[in-house]
Structure formats: C-alpha cells, structure tokens
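Colleague: Here you go, one structure.
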Amino acid sequence: MAHGPAQGIRRWLYTTNHKDIGTLYLWFSFAMFLLGGVFALVIRAELFEPGMQIVEPEFFNQMTTMHGLVMVFGAVMPAFVGLANWMVPLMIGAPDMALPRMNNWSFWILPFAFAMLSSTLFMDGGAPNFGWTFYAPLSTTYAPPSVTFFIFAVHIMGASSIMGAINIIATIVNLRAPGMSYMKMPLFVWTWLITAFLLIAVMPVLAAVVTMMLFDIHFGTSFFNAAGGGDPVMFQHIFWFFGHPEVYIMILPAFGVVSAIIPTFARKSLFGYSSMVYATAAIAFLSFVVWAHHMFTVGMPLAGEMAFMYMTMLIAVPTGVKVFNWVATMFKGSMTFETPMLFSVAFVILFTIGGFSGLMLAIAPADFQYHDTYFVVAHFHYVLVPGAIFSITAGVYYWLPKWCGNMYNETLGKVHFWTAFIGLNVTFFPMHFAGLSGMPRRIPDYNMMFADWNMISTVGAFLFGAAQILFLFNVIATIRSKRPASDEVWDRPEGLEWTLPSPAPYHTFTKPPPLS
Amino acid sequence: MSLSANSTKTLVLKLLAGALLMFGFAVFVMPPIYDLFCEITGLNGKTGERYQALPAAIDTSRQIKVQFIATNNETMPWVFKPSQQQIYVHPGEEVEVRYFAHNPTGRDMVAQAIPSVVPFKAAEYFHKTECFCFNSQALKAGQSADMALRFIVDPDVAKTVNTITLSYTLFDITAVTEG
Ligand code: HEM
Ligand SMILES: [Cu+2]
C-alpha cells in the first residue's frame, strides 16, 4: 500500500494521486500565467506612448483577447483547482480525491485545450480578436477562421472544469473523516464546495453559447443573427449569465485561502465562521441575478436597469460581511507579517478597492459614462490581481513548506511581495484616472491627453512582470533548498494538514484521522 | 467502502445530469424565453407576426405620427427606401404604405428586412396585417419592386405615445438561401 510514485514522466502522465495532480495543475497554471503575462506586456508596451509603435492593430486585438482568455481559463481557474486538489483531501482527512482517474483526465485535457488555443496565433487570419467576452456578431459573422479552434478549446476547458467540480463535490460530500461535519470544515473547503456548484451550473452555459456560435457560423442557424430572426443582444445575456458567476468562481476560493491564512498570523481563530459560510452562499446565489450590470448600455427598460442595479449593490452586503470578518480577525491579534500574511493583508485592502469601484459601476446612470473605459479595466484588475492572484500566491507561500518540506527564504518572499505590490498599484491605479477621463478600453492608440497615465501603467506592468520571475525563482529555490520546515511550519496553525509531517507523504490519511 | 463507492456514483450521476440540464437549458430554453420576454415587453423593438385585423373602433380623437426609416445592413448594395417619410394615423385605422427596393447589381439577390419599433412600449401595439418583412424578397439583377406594408396602431397604445418610429434593416441573405 505504502508504495511511492512511479519514476520519470510516467509518474505524471498516469498519476491518480491528488498531490501529483495538484502539483501539475499549479505548474500548468503558472506557465499560463507567464504566457498571459507576455501577452499583457505586449499590450502595455504598445500603449507606452500614443501612436502605433510595436504591433499592428489587428495583432493588438488578438493580444487583448488571448490575454483575457489565458488568464481567466488558464491561470486563475486551474490554480484554484490545483490548490483544491492538494488541500481539500488534507483538510477533510480524506485519503485522496473521490474520483482519481477522472482527476487525471480533467488535468491532462487542459494542455491540449491551450495548445489548440495558442496555435491560433500562427493561423491564417490570426488568433481570435474579439475580446475575451467574444460578443456576437464580432465572434460569428466577422470572426477570423480560427474561431472554430477557439470554440473547441473552450469546450475542452469547460469539460475539464466540470469534471474537476464534480470530483471536488464528491470528495467533500463523501470522503470527510468521521466527525468532520459540514460546519467544521475549513472555509477553503466550504468556498470550494460552493464554487464547484457554480461551475456545474454555468460552465455548461458557456459550452452552450459557443456551441450556438458554432452552429451560426457553420450550420446556418441564426441564434445571434438578426437577418435570420435571431438577436445579437441575446448573446450578451447568455454570455453574462455565465460570465458574472464566473467572476465569483475566480474569487470565492480566494476568500477561502485568506480565511485560512489570516487567523494563523493573527493568532486568533477566524471571526464569524458561520457568517462567512452564509455570506459565501449568498454571494453565489446572488451572482445569478445580476448579469445585466454588464449590459446597462445595450438598451433596457428603466425597471430592468433599476432591478439589476439594486441586485448588484446587494452583493456588496455579503462581501462587506467578509471584509469585516477578516478585519475583526486581525483586530487585537498578535500579528506577524510573514510573506503569506503580507499577501493576504494586501488582498483585503486592495480587493476592497476593487469592490468600491464595482459599486461605482453598479450605479446604472454612472455606468453609461464608465462603461467600456479603462475604469472597468481598473475595476476588474483590482479584484482579480490582488484578489485572485494574490490569494493564490499567498496560498503557495503558506503551504509550500508542507508540500516540499522546505522553508522558503523569507527575505526573498518579502522582496517578491513588495515588488508585486508596488508594480500592481503603479499599473492599475492610474487606469482609474485614464478611465474616468474617458479612455476607451481595447484600443491600440489613444489621445495625447492619456499619455502620462499610460506611461506610468506600462512601467508598473514591467515591474509586476519582474516580480513574477522572482516568484518562480523563490519556489524553485525552496524546492531545492536544504532548509527543512517543521511539521507545524507556522505558530500553532489550525487545520488537519499541519498534523502531517513535512513534506506531506505521498499517501496521507489512509486511515481517517481521529477528530475530537 | 462499497457503500461509499455507491453513493459517490449516484452523486456523480446527479451532478453530471445537472450539468447536462444546464447545457440544455441554455440552448433550448433560454432563446425561446428570451424571444417570449421580448415579445411580451416589446423590448428590442421587435414587432409581432401577421396580425388578424379585428373590427375595432377608430379613435379619431387622437393622431399619431408614424415615421419610416430604411437602413441597409453593412455592404447591402440595394436601394431601399420608404415612399414617404412619415404619415399621421388615427389609432384603430388600417393604413397602407409602400417601400421601394431596387437591385442595382448584376446578380440575382435575396434580402430580408428586419423591423424594429421605438419607443419599445409601442412595439406590441403596432400591428402589421401585411408586410414584405414576413417573407424574404428576391430581386433579379437590375429589378425593382414596390413592397406593401399594412398596419394598424392599436387604440390601446399608451396616451403618452405621440410618435412611433418604424425602422427596417435590410440584410443580404443570398448566400444563406443558396446554401
Ligand atoms: C462588490 C462587488 C462587485 C460589484 C458591485 C461589481 C460590479 C461590476 C459592474 C457593474 C461591472 C460592469 C462594468 C461595465 O462594463 O460597465 C463589472 C465588471 C467586471 N467585474 Fe465586477 N463587481 C464586483 C466584484 C467583482 C469581482 C469579485 C470580480 C472578479 C473576481 C469582478 C470582475 C469583473 C470583471 C472581469 C468585469 C469586466 C468584464 C468585462 O467587461 O470584460 N467584479 N463589475
Ligand atoms: Cu458582473
């Protein structure tokens, strides 16, 4: 039973071990993060000065599209699935995921999806150029021929996410150690359980919308074609019915990660555990009824604008509950600021800024001004970069000693944090101002009046990019270092994962751990 | 062990069924619901199908201005225009107007006109008893046509509506009809 892994490449190809698969997901997502980052730097380099300098406008559009797609579906989502693979079984005292073979499949189809998507860059007519939101008819009537490959890539990503979600639910529902009741589960497990249900509800809708595009393009249907009695606006409704829950798919697990980290470094248990669970569920539920806040300007009756406006503002309430609880957890705690904590505290502050710009955008009449400007770009980068990305980074620093058995270098970790923190704010904060003064998003050239903000943003972007290279270096150096971590790693952290030796053995909890 | 394996299986099947259901919901339920919703509310300005004229009282106390707009979709080369820019009608009265279309190209073409009405709240009160938009229009190279539109503005239309704008966009569907 207690055999180790197979050797060489076969270990990774055939593995059904949750830790191996978690590792694969995390490395894959990091590779996609770098690829998406390169696309972003092409965008920022072109925008360094007004006028066309480096790339053709057509290629610029391909870059914005590919950047969004790769970051959302290649970097953020797989990273959280990787964390879930590693941590969910360890946190609930399970020997592995419930469906280990399916687990192998759900990872290994992903590289194919992204190889296919990336190959469109070399095709006639270029890669998809219609934005990550691929609105019809831009993505149907006017799409480059490579759109078909885009569609199939999205199908594969969707299948992977759905399989991953089913696996996570089955694991949490069926493999909890005796005594681990639902309300005793760590919050990361809770947030992932809810996220998995969101995935099962909306990834099929994404698959459906690209399938309808496929039929419109190749088989003469008219779902989104006005000439045949369809309606392009319907595309936006269906897309955002997927799209808004999708943004919460990218943030709920992040809530779970920081809810694990902040109590450890504040040396207090999490404030308001059950309200955290209910707030997460409320956010997930509300996320289905706010989608049209992305479409305030398409032409809706007043009643519709108002309904979606108030529903959207309502989401800020459970979100506020969470922020309150994190702050209350830190309040009067004996806080220390190791790297995971730095990333988590930055998460709380900067995510809240993103939440506030979200509230501004939720005001329908104001959104007529902000819509499709850099203000929106600033908003969603504030919730996604110091939100999703920082929480993943925090999680990696927090659990890496448990994974590989070595302690990372704290000084290098802090250098990474501060370069990322400064880089990110220098990149994205000026976008608020560029947006408020009217700079449209997704354009390769712009008016002189936006030149200063853009130059600053570009400098910040390269700094942020450099920080990620440092991250890569830190992780590799930690894995190869000879500084063994203790089993507890931190100062009396809560959770079953810390009862295991460091590094965590290949097979863990083959017998359920005793729980009080 | 086998008990938990069984319950895992049923759970997985349920979740899979849920995913398939959502796919079906998006493809087969959402579009009809969307159309129905638009039809009921008049959103997106789409007008209804052919209307069976019912004998109704003509409300001579009101006059409504009806404006006609014709637009060619992107590269559509036809000449397409209403024979008059606007007319005044009484609610309940059936009126006929004509649109002119000419195919100036050297090839036979098929077109489809898609109507849209503003204000949205008037859309469901704008009844067409006869319209060239109910069918596609085929014109041979160089041919012209006068196309009829008969409509009634429902007497129940909101009192605040004084002007209704009817816009047609003409799409080239030659490729689709040949294919
Ligand atoms: C208090 C919470 C939030 C509110 C009130 C809010 C509100 C909004 C609104 C109204 C828009 C549409 C702006 C426009 O296009 O004119 C928007 C866009 C967006 N939001 Fe949020 N948001 C919130 C949180 C989040 C979170 C947590 C995420 C993701 C982690 C997120 C990701 C996005 C993205 C990606 C877009 C832009 C999509 C696009 O057009 O490409 N938002 N948000
Ligand atoms: Cu949204």
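Colleague: Please compute the modelled spin-label separation between B:Tyr88 and A:Tyr135, points set 7 Å along Cα→Cβ, answer in nm with one decimal.
Modeller: So the two model labels end up 4.0 nm from each other.
Colleague: Let me check I've understood the local charge: for A:Thr329, count other residues with C-beta under 13 angstrom from its C-beta, Lys and Arg +1, Asp and Glu -1. What total comes out?
Modeller: Local charge sum for A:Thr329: +3.
Colleague: With the cut-off at 25 Å, tell me which of the pairs A:Lys19/B:Lys9; A:Lys402/B:Lys9; A:Lys19/A:Lys322; A:Lys332/A:Lys482; A:Lys414/A:Lys482 have Cα atoms farther apart than that.
Modeller: Among A:Lys19/B:Lys9; A:Lys402/B:Lys9; A:Lys19/A:Lys322; A:Lys332/A:Lys482; A:Lys414/A:Lys482, the Cα-Cα distance tops 25 Å for A:Lys402/B:Lys9; A:Lys19/A:Lys322; A:Lys332/A:Lys482.
Colleague: Under a straight-distance cross-link criterion of Cα-Cα below 13 Å, which aspartates and glutamates are reachable from B:Lys14, leaving out those fewer than 8 residues away in the same chain?
Modeller: none
Colleague: Another one. Indicate the gyration tensor shape class of chain B (rounded, prolate or oblate), computed on the Cα atoms with a ≥ b ≥ c the square roots of the eigenvalues: a/c under 1.5 is rounded; otherwise a/b larger than b/c is prolate and the rest oblate.
Modeller: oblate
Colleague: Still on this structure, I have one more. Calculate, in nm to one decimal, what B:Asp154 and B:Arg98 gain on full extension: separation in residues at 0.36 nm each, minus their alpha carbon distance.
Modeller: 18.1 nm
Colleague: Something else now. If you take the charge dipole of chain B about its Cα centre, with +1 on Lys and Arg Cβ and -1 on Asp and Glu Cβ, which of B:Ile69, B:Val79, B:Leu11 is farthest toward its positive end?
Modeller: B:Leu11
Colleague: How tilted is helix B:30-41 with respect to the longest principal axis of chain B? Cα atoms for both, answer in degrees (0 to 90, nearest 10).
Modeller: Once rounded, the angle reads 40 degrees.
Colleague: Would you mind checking the tilt of helix B:2-24 against the longest principal axis of the Cα atoms of chain B, expressed as 0 to 90 degrees and rounded to 10?
Modeller: Once rounded, one gets 10 degrees.
Colleague: To the nearest 20 debye, what is the magnitude of the charge dipole of the stretch B:45-178 about its Cα centre, counting +1 on the Cβ of each Lys and Arg and -1 on the Cβ of each Asp and Glu?
Modeller: Here the size comes out at about 240 debye.
Colleague: Counting only other chains, and only Cβ atoms inside 10 Å, what mean value do you get across the residues of A:234-244?
Modeller: Averaged over the peptide's residues, the number is 2.
Colleague: How much net charge surrounds A:Pro178 when only the other residues with a Cβ under 15 Å from the Cβ of A:Pro178 are counted, with Lys and Arg +1 and Asp and Glu -1?
Modeller: Within the 15 Å Cβ shell, the charges total +3.
Colleague: While we're on this one: I want to check a number: in the stretch B:45-178, how many lysine pairs have alpha carbons closer than 29 Å, given a sequence separation of 8 or more or different chains?
Modeller: 16
Colleague: Cut-off under 17 Å on the C-alpha distance; same-chain residues fewer than 8 positions from A:Lys184 excluded. Which aspartates and glutamates are left, in chain and number order?
Modeller: Cross-link targets: A:Glu494, A:Glu497.
Colleague: Quote to one decimal, in nm, the extra length available between A:Phe331 and A:Arg483 on full extension: 0.36 nm per residue of separation minus the C-alpha distance between them.
Modeller: 51.5 nm
Colleague: Suppose R0 equals 25 Å; then what is the FRET efficiency for B:Leu21 and A:Trp27 from their Cβ-Cβ distance, rounded to the nearest 0.05?
Modeller: 0.15
Colleague: On the protein heavy atoms, probe 1.4 angstrom, tell me the percent of accessible surface of the protein assembly as shown carried by carbon and sulfur.
Modeller: Answer for the protein assembly as shown is 67 percent, counting heavy atoms of protein chains only.
Colleague: Which value, in debye to the nearest 20, describes the size of the charge dipole of the protein assembly as shown about its Cα centre when Lys and Arg Cβ atoms bear +1, Asp and Glu Cβ atoms bear -1, and nothing else is charged?
Modeller: 2220 debye
Colleague: Moving to a separate point now. Over chain A, average the accessible area per residue using a 1.4 Å probe and give it in Å², no decimals.
Modeller: Roughly 37 Å² per residue, with all protein chains present.
Colleague: Can you grab the distance from the C-alpha centre of the stretch B:113-179 to the C-alpha centre of the stretch A:442-471, Å, no decimals?
Modeller: Going from one Cα centre to the other spans 49 Å.
Colleague: Right, next: When the helices in chain A are scored as -39500 (n - 2.57) per DSSP H run of 4 or longer and the sum is shared across all residues, what 222 nm value do you end up with, to the nearest 500 deg cm²/dmol?
Modeller: For chain A, the value works out to -22000 deg cm²/dmol.
Colleague: Based on alpha-carbon centroids, what's the gap between the stretch A:197-221 and the stretch B:6-32 in Å, whole number please?
Modeller: Answer, in whole Å: 14.
Colleague: Quick check: residue separation of A:Met52 and A:Thr148 times 0.36 nm, minus the Cα distance between them. What number comes out in nm?
Modeller: 31.6 nm
Colleague: In nm, to one decimal, how far is the modelled label at A:Ile109 from the one at B:Thr71, with both set 7 Å along Cα→Cβ?
Modeller: Each label point is offset 7 Å from its Cα along the Cβ direction, giving 4.1 nm.
Colleague: Here is a follow-up. May I ask which residue of A:Trp12, A:Val38, A:Gln53 lies farthest towards the positive end of the charge dipole of the stretch A:1-66, with charges of +1 (Lys, Arg) and -1 (Asp, Glu) on Cβ and the Cα centre as origin?
Modeller: Farthest along the dipole direction, towards plus: A:Trp12.
Colleague: Moving on. Keeping all protein chains in place, calculate the accessible area per residue for the stretch B:45-178 (probe 1.4 angstrom), answer in Å².
Modeller: 50 Å²
Colleague: Follow-up question, since we're still on this one. What nm value, rounded to one decimal, do you get for the distance between B:Thr60 and B:Ile40 when each label is placed 7 Å out toward the C-beta?
Modeller: So the two model labels end up 3.9 nm from each other.
Colleague: Hey, another quick one. Set the Förster distance to 22 Å, then compute FRET efficiency between A:Thr16 and A:Lys184 from the Cβ-Cβ distance, nearest 0.05.
Modeller: For A:Thr16 and A:Lys184, the calculated efficiency is 0.20.
Colleague: Rounded to the nearest 0.05, what FRET efficiency is calculated for B:Ala138 and A:Ile443 with R0 set to 41 Å and r the Cβ-Cβ distance?
Modeller: In this case the efficiency is close to 0.50.
Colleague: To the nearest 10 degrees, how steeply does helix A:339-362 sit against the main Cα axis of chain A, on a 0 to 90 scale?
Modeller: 30 degrees
The values are calculated or read from the model by the stated rules, or taken from the named source; none is laboratory data. Values in this document were obtained by computation on a predicted structure and should not be read as measured data. Heads up, the Cβs are rebuilt from the backbone with ideal geometry, glycines too, and the neighbour counts pull from every protein chain shown. Heavy atoms of the whole protein, side chains included, go into the accessibility calculation; ligands, DNA and RNA do not. Shrake-Rupley method; radii C 1.70, N 1.55, O 1.52, S 1.80 Å.
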